[in-house]
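The values are calculated or read from the model by the stated rules, or taken from the named source; none is laboratory data. This is a predicted model, so every value here is computed, not measured. Every residue, glycine among them, receives a Cβ derived from its backbone with ideal geometry; neighbour counts consider all protein chains shown. In case anyone asks, the SASA skips ligands and DNA or RNA and just uses the protein heavy atoms, side chains included. Shrake-Rupley method; radii C 1.70, N 1.55, O 1.52, S 1.80 Å.
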Amino acid sequence: MPSTIRTFLLRPGAFFEQRRDRLGGVRGGGLALGIAVAVTAVLGVALRLFAAQFTGTVERDNPARPPDQLCEDGVGEMTVAGCDEPATRTVEIGSLVWDQATEVLPGLFVGFIIVWLGLLVLLYVGAKVAGGSGRFGETAEVAAWGLLPSVVGVAAGGAALVFFAASTDLSASSPELLLEQVRRLQNGLSGFVFLAIQVGTAAWQAYVWAGGLRVVHEISRYAAVAIAVIAATLPVIAA
């Protein structure tokens, strides 16, 4: 393992100390953007694999067929094209789940950037209240580095989701039954695993932020830990 990665994992304070003169808002913004892309991409892969676990089908209106009224009455003396198409078509539920996921992913990307900005303000204000002397731009990069564990957390959570979904019967065609089966993934062992991953990711983030705040703002260990824990806990509570 390269020394830089080992330092980031085991001694984030030393990691930021090595970069004390290079920390800045531009680098922080670029890093946050890159992490947002990585998180969105990893989540997209996980959701694609999750959608593949749904093997049932459902009947949906056929968009290629015009409304019945047009087919029955026509338009003047003209015959409406497409009226010979079937009224419904069979669609795989997995494809519907993936279509919904593709609509959500861009919003999640934007939301991730908004979360970074919110955490940045929280960390900066908290450090200033504790007597910190660091600059806003430096805090921006510290906040961004603290989001790096999110990539690992999303990857672990996505892998767990696909694993538990693969062991669940998702072949039903009834939306109500499928919804009930998906809800079961949030309970029992699977629910505990998801919670453990979420808490573990938050703890890792707090560890990174605490080390960065101590270096950048030169505040006490207790103040840095308290601010970092609050910042890492809020997204968990809000989720």
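Odds and ends about this structure:
- Scan of segment 135-150 for residues that are part of a loop (DSSP other than H, G, I, E, B) and either touching a Gly at 6+ places or on another chain (Cβ under 9 Å) or open to solvent by 20 Å² or more (accessible area, probe 1.4 Å) (or both), ordered by number: Arg135, Gly146, Leu148
- Within segment 194-223, the only residue that satisfies the criterion of being polar (S, T, N, Q), assigned to a helix (DSSP H, G or I) and open to solvent by 40 Å² or more (accessible area, probe 1.4 Å) is Gln198.
- For first residues located in segment 5-24 and touching a residue at least 40 places away in the same chain (Cβ under 8 Å), partners that are polar (S, T, N, Q) and exposed (fewer than 15 other Cβ atoms within 10 Å of the Cβ) and lie 6+ apart or on another chain with Cβ distances below 8 Å form the pairs Phe15/Thr4.
- Here Arg19, Arg27 are screened, and the one residue that is modelled with pLDDT of 80 or more, closer than 30 Å to Glu138 by Cα and open to solvent by less than 70 Å² (accessible area, probe 1.4 Å) is Arg19.
- Positions within segment 175-193 being farther than 22 Å from Val154 by Cβ and either among the polar types (S, T, N, Q) or loosely packed, with under 15 Cβ neighbours inside 10 Å (or both), in sequence order: Pro175, Glu176, Leu177, Leu179, Glu180, Gln181
- Qualifying residue in segment 156-166 (condition: without any contact (Cβ under 8 Å) to a residue 60 or more places away in the chain, open to solvent by 20 Å² or more (accessible area, probe 1.4 Å), in a loop (DSSP other than H, G, I, E, B) and over 25 Å from Ala223 (Cβ atoms)): no
- The condition (being modelled with pLDDT under 85 and surrounded by fewer than 15 Cβ atoms within 10 Å (Cβ to Cβ)) is satisfied by just one residue among Asp99, Asp68: Asp68.
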